[in-house]
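Written out below as structure tokens is the structure these notes cover.
Every number in this text was worked out from the coordinates using simple rules, so none of it is lab data. Just so we're clear, the structure is a prediction, and the values are computed from it rather than from any experiment. Neighbour counts run over all protein chains shown; Cβ positions are idealised from the backbone, glycine included.
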Amino acid sequence: MAKTHFGVTVPQIKRPWATAADAAAAFEQMGFDSLWVCDHFYGPQSPQLPILEAWSMITALAAITQRVELGTLVTPAGMRNPAQLAKIIATADNIAGGRVIAGLGAGWMPREFTDFDVPFLPLDQRLAQLAETVELLKRMWGEEEEISFNGDYVTTNNVACQPKPPRDVPILIGGGGEKVTLKLAAREANIWNNLAGHQGELAHKVDVLKRHCDVAERNFNDVTVSQQCLVTIASTEKEAILMADQAQKIFGGHMGDPKGPLAITGTPEQCCDVIQKHIDIGCTMFIIEFFGRDSTVPAKLFAETVAPEFRG
């Protein structure tokens, strides 16, 4: 059986760096496998909502952590120059000593493109842009010394990337599109991440991914299935339900249904039962948003009572 991986998101929106750094240190000490940040230039609710830039955070986290992997959930391919992005990630991974996961997607917030004078293309073109970006990143991190790339959306002229990342950077592709995104993930990704809003559809999405792997002649077991998830955990079921109600009001459907059939809500025992349901479907990686004003409090409860049940 594949090892179960528990990642956790770091405070980033309306939080100063000191809070994020303290939380990161606490999560690593608790034994979580990875730390994650969202890649947005603006807070999802408003451009005026303070949010720290993702790859700056990843680089800072690389310098203050020792063991955990570090990733973005997810970086829109067209939001930055793709060759420059390859260099940024390679640098962060050198600082981390080979712990970075490149989380990539198509993006969905127009203003964080257009306000920065970057075109927000139609979805089909953004997905094609994502595919070309993945190809360029792999080539720039590979053995080639200089890369010329002449795609429809990505172009480079003898671009070099030195130093190379210290390991083969795992590519995570996030998104639930069944015709294009999952097909690309089956072909190119080390990790496919199912959005929190699609958590209830996980079994169906995994079946679609398996079919795409068959067509691509790739072993499905070579792609780790990851689930972005809100976790509302408490020592009593009553307290957890109240937390879930509050989370529903705050997040709406953005983080899924906190009372849905695959929602990780309840006591530690109940959370274990639902995590096992995910594993039975084929999902062994969890990227967790802990609900609470201080997310280290529920994270500690999870680390002490839930995670050990899946460490074999």
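Quick rundown of the values:
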quantity: Dipole magnitude (debye, nearest 20) for the chain, charges at Cβ of Lys, Arg, Asp, Glu; calculated: 200 debye
quantity: Global form of the chain, assessed from the alpha-carbon gyration tensor, a/c cut-off 1.5; calculated: prolate
quantity: Set of lysines near Lys164 by C-alpha distance (under 17 Å), chain-local residues within fewer than 8 positions excluded; calculated: Lys87, Lys138
quantity: Angle in degrees between helix 237-251 and the longest Cα principal axis of the chain, rounded to the nearest 10; calculated: 40 degrees
quantity: Computed over the range 5-174: relative contact order in percent, which uses C-alpha pairs under 8 Å that are six or more apart; calculated: 20 percent
quantity: Given charges at beta-carbon only (K, R positive; D, E negative), |dipole| of the range 5-174 in Debye; calculated: 400 debye
quantity: Loop-located GluC sites (Glu not before Pro) in the range 13-118 whose Cβ has at most 13 other Cβ within 10 Å (DSSP); calculated: Glu53
quantity: Lys/Arg +1, Asp/Glu -1 at C-beta; the chain dipole; positive extreme among Pro298, Ser148, Leu104; calculated: Pro298
quantity: Order of Arg126, Arg80 - criterion: other Cβ atoms within 10 Å of each residue's Cβ, fewest first; calculated: Arg80, Arg126
quantity: Rounded to 5, percent antiparallel among DSSP beta bridges of the chain; calculated: 10 percent
quantity: Coil-residue GluC sites (Glu not before Pro) of the range 114-221, DSSP, other Cβ within 10 Å capped at 16; calculated: Glu143, Glu144, Glu145, Glu146, Glu178, Glu217
quantity: Principal axes of the range 15-164: Cα extent on each, largest first, Å; calculated: 45, 39, 19
quantity: Cα gyration tensor shape of the range 124-249, rounded if a/c is under 1.5, else prolate or oblate by comparing a/b with b/c; calculated: prolate
quantity: Cubic angstrom per residue, convex hull over Cα atoms of the range 75-176; calculated: 95 Å³
quantity: Cα-centre dipole for the range 1-102 with unit charges at Cβ (Lys and Arg positive, Asp and Glu negative), debye to 20; calculated: 80 debye
